[in-house]
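Colleague: This is the structure I want to talk about, given as structure tokens.
The values are calculated or read from the model by the stated rules, or taken from the named source; none is laboratory data. Here the structure is a predicted model, which is why all the values come from computation and not from measurement. Note that we place each Cβ from the backbone using ideal geometry, even for glycine, and neighbour counts take in every protein chain shown.
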């Protein structure tokens, strides 16, 4: 069910949740639709539009210093991307956050990455594999406490690199789109020291299977690494809602 329009505007949350040390970028009216789309997409990735919230296009356009035309175009694209939903004669609403939705996204991700791993074992050169491993080693320190966005992006980059080893452009494109939809949850998940440590250990096992080009073992490890149990999906959804509505830490 879609939520009613909140009393506090999106502009307040954008300002309150801006990156430390900076301000939310104002988009000039002359900027392209692509730039407006990229800005609003970042808001959606971080759930600055609360789940089920009706998006006020007029207010959003004013916050970004543009007309409603590029805002409407961006929201139409974001609907195709899965970030918002439209209701005829009512407008656009932010994506919902439920355990089932989180689980479904991770199951889809597991299916893509499992298949990509099998192809990577067949198609990637030894040099390409080593380059991917070396890049991960540079960013896999467990000592970067607090740098959650950086840690999550390193994890995402590693998985994207593995998928690129498949030399299947469609898989890579699909995973890239999916990664933006789960980035919020990935960051929260990796804030847990225990989960992060297990994740890195699982990466080592996946890398070992890739080096040996053991497609069957590596594909199984990849699926186990990514797929969320129902309990974990429930936990992620709960932590996400707490972060969105109350700003509490995971």
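Colleague: From the set of residues in the stretch 70-90 that are in contact (Cβ under 8 Å) with a residue 12 or more places away in the chain and over 21 Å from the mean Cα position of the chain (by Cα), which is farthest from residue 174 (Cα to Cα)?
Modeller: Ranking the candidates gives 90 first.
Colleague: Looking only at the stretch 224-237, which residues are surrounded by fewer than 16 Cβ atoms within 10 Å (Cβ to Cβ) and touching a residue at least 60 places away in the same chain (Cβ under 8 Å)? Break it down stepwise before answering.
Modeller: Narrowing the stretch 224-237 to residues surrounded by fewer than 16 Cβ atoms within 10 Å (Cβ to Cβ): 224, 229-231.
230 - this is the single residue of the stretch 224-237 that is surrounded by fewer than 16 Cβ atoms within 10 Å (Cβ to Cβ) and touching a residue at least 60 places away in the same chain (Cβ under 8 Å).
Colleague: If you don't mind, there's one more thing I want to ask. Which one of these does residue 188 not meet: (1) surrounded by 16 or more Cβ atoms within 10 Å (Cβ to Cβ); (2) at pLDDT 95 or above?
Modeller: So residue 188 meets the others, but not (2).
Colleague: Does the stretch 139-146 contain any residue that is part of a helix (DSSP H, G or I), without any contact (Cβ under 8 Å) to a residue 12 or more places away in the chain and surrounded by fewer than 16 Cβ atoms within 10 Å (Cβ to Cβ)? Spell out the reasoning first.
Modeller: Quick first cut of the stretch 139-146, residues part of a helix (DSSP H, G or I) only: none.
Within the stretch 139-146, none of the residues are part of a helix (DSSP H, G or I), without any contact (Cβ under 8 Å) to a residue 12 or more places away in the chain and surrounded by fewer than 16 Cβ atoms within 10 Å (Cβ to Cβ).
Colleague: Do we have residue 80 as in contact with a helix residue (DSSP H, G or I) (Cβ under 6 Å, 6 or more places away or on another chain) and in a helix (DSSP H, G or I) here?
Modeller: On the way: in contact with a helix residue (DSSP H, G or I) (Cβ under 6 Å, 6 or more places away or on another chain): no; in a helix (DSSP H, G or I): yes.
So residue 80 does not fit the description; no.
Colleague: Given the conditions (1) in contact (Cβ under 8 Å) with a residue 24 or more places away in the chain; (2) touching a helix residue (DSSP H, G or I) at 6+ places or on another chain (Cβ under 7 Å), report the number of the one that residue 93 does not fulfil.
Modeller: Result: residue 93 passes all but (2).
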